[in-house]
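To start, the structure itself, in C-alpha cells.
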Amino acid sequence: PGTGAYYADPTRRARLADAAAHNGPCPLHPPVTPKRLGPFLWSGALPEAKLQSSPTRLVGTFRSVRRSVSFENPAWIIEDILPEGSEHQIRYSLAPEWKPLNASGKTLIFTHSGGAGLRISISGSPEPVCTLESVEVSPSFRKFQTAHAITLHAKGTVRTTLQLT
C-alpha cells in the first residue's frame, strides 16, 4: 500500500510500510520481529523461512499455513490456518477503484469503476471478527488515495472466497 510513499513523511512511511498494513496474515501477539527502524532498515534478520509446495507453509517466529484451496473461475478460495492460540490480523486491501455496495456480516460486495463486481465471503472457526475500513494507500509514486480494506481478527482457520461477479 505504500511503495510510492517511502520518500518523505516518516510517520506516513512507517504506517504504510508496517506489516499490518499489507495483505495477508500478520501475528498480533507477539508483535512482528525484527522491528522496522527506518526505510529498508531492520533491527535484525528474519529467521530462516522454509517454503513447502503443498500447502504453502512459512516456518519462522510464527507458523501459519496459507493455501489457495481451489480456483474455480471466477473464484479463488484462500485458507489461512493460524497457529493454535495465536491471534492474527488478516487484511485484504482493495484498489481505490473498488467501492462497497453491501458490507454487512461476513459477505461483502464491491463494484469496480470499470463495471466488474466482487463478492468476498468469510468463514472460520472460531468465527473471525470482520471490519471494513477506509485506508490510505499509495498506488504510485507521490500519489495518495483512499481505498477500502477488509480486516479480520482471527484465531484458528479462516476461509476467504473471492468471486468475480
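Counting only heavy atoms of the protein chains, get the accessible area per residue of the range 67-165 (1.4 Å probe) and round it to a whole Å² value.
So the range 67-165 comes to 51 Å² accessible per residue, rounded to a whole number.
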Rounded to 0.05, the calculated FRET efficiency for the beta carbons of Arg159 and Leu41 at R₀ = 35 Å is 0.45
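What does the extension gain come out to for Arg142 and His22, with contour length at 0.36 nm per residue minus their alpha carbon separation? If you can, show how the numbers build up before the last one.
Numbers: separation 120, 0.36 × 120 = 43.20 nm, distance 1.84 nm.
Answer, rounded to one decimal: 41.4 nm.
The values are calculated or read from the model by the stated rules, or taken from the named source; none is laboratory data. Quick caveat: nothing in here was measured; it's all calculated off a predicted structure. FYI the Cβ positions are ideal-geometry reconstructions off the backbone, even for glycines, and counts take in every protein chain you see. What goes into the accessible areas is simple: the full protein's heavy atoms, side chains included, and nothing from ligands, DNA or RNA. Shrake-Rupley method; radii C 1.70, N 1.55, O 1.52, S 1.80 Å.
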